[in-house]
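What follows is a short report on a single structure.
The values are calculated or read from the model by the stated rules, or taken from the named source; none is laboratory data. For clarity, every value in this text was computed on a predicted model and none was experimentally measured. Here Cβ is always computed from backbone atoms with ideal geometry, including for glycine, and neighbour counts include all displayed protein chains.
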Amino acid sequence: MKRASGFTLVELLLAVTLLSMLLALTYGGLQAATRATDRGQQILEESGRLRMAHQFVRKQINQAVPLGFSQQEDAAADLGQAAVMEVFRGSAASIRFVGPMPGYLGFGGPQVQELSIVDGENGKELILTHALVQGFEDASLDERAPIVLIDHIESASFTFLVRDEEGEIAGWISEWEEPGQLPLAIALDIQFEEQVYAKWPLLVAAVKVDASAVTEILEGENSYQSAVQELIEKRREQN
């Protein structure tokens, strides 16, 4: 009689075990690939959103014009002077100025614009509010819902490039004290929360009101480029 051939129980168990291990490795690889794809897509979306916000803020600051939006009567009275027309307001947390608005965000033409760092639902947020120059009051900025440009911010600050009494570039300050004048340039530095993969490039935008003045700044002994480089080095030291 011939002996029956086939697989033993041990061989079947080994085959099932090996098959299970292969399936587990394949599933793990698919999960890792899916996570990598999702993360890559998230980074692309974040980078695109930050790039658009960066370009928008730079463009709006570049187009700031010396049009007044309010009278600084109280401050002028304390100094025994005539009322000063306020054309720019700036602090580490916000800036306010007059400049043209894109048609898709308003009626076009010059409007009072305010960029502010505020607490929001997703960490701190950079928001934009705007209102018509004609008949402007502080409450006018609250008539429309703010536009959230960036969220998930851990820390952020504006700084302003100023001249000294001799007309030379003096450096960067965090509080603007000349409401009747525009700063030479405005910088915005942003650090994001850990879950944000993209990085905010340091934004430095010159206020291009007078082309000759900008040329003078660029060619001066204490040049604009030197001031920007100093700001970049300071940021590197902080990081």
Next item on the list: Kindly provide the set of residues from region 172-196 that are surrounded by fewer than 20 Cβ atoms within 10 Å (Cβ to Cβ) and of a type in the set (Gly, Ala, Ser), ordered by number.
Entry: SER174, GLY180
Next item on the list: Output the number of the condition that ALA145 fails; it satisfies all remaining conditions of (1) surrounded by fewer than 19 Cβ atoms within 10 Å (Cβ to Cβ); (2) hydrophobic (A, V, I, L, M, F, W, C); (3) in contact (Cβ under 8 Å) with a residue 24 or more places away in the chain.
Entry: (3)
Next item on the list: Return a yes/no flag: does region 160-169 have any residue that is closer than 29 Å to PHE192 by Cα, loosely packed, with under 13 Cβ neighbours inside 10 Å, of a type in the set (Gly, Ala, Ser) and over 12 Å from the mean Cα position of the chain (by Cα).
Entry: no
Notebook entry, point to check: How many residues does region 182-197 hold that are touching a Leu at 6+ places or on another chain (Cβ under 6 Å) and either among the acidic types (Asp, Glu) or at pLDDT below 90 (or both)?
Noted result: 2
Next item on the list: Consider TRP200 carefully, then state whether it is aromatic (Phe, Trp, Tyr), closer than 30 Å to GLU233 by Cα and at pLDDT below 90.
Entry: yes
Margin query: Please pick out the residue among GLU121, GLU114, GLU143 that is more than 13 Å from the chain's Cα centre (by Cα), of a type in the set (D, E, K, R) and farther than 30 Å from GLN195 by Cβ.
Written below: GLU143
Notebook entry, point to check: If ALA53 passes every condition in (1) loosely packed, with under 15 Cβ neighbours inside 10 Å; (2) within 25 Å of ILE190 (Cα to Cα); (3) modelled with pLDDT of 80 or more but one, which one does it miss?
Noted result: (1)
Check: Which residues, taken from region 36-50, are at pLDDT 75 or above and either of a type in the set (S, T, N, Q) or over 24 Å from the mean Cα position of the chain (by Cα) (or both)?
Finding: SER47
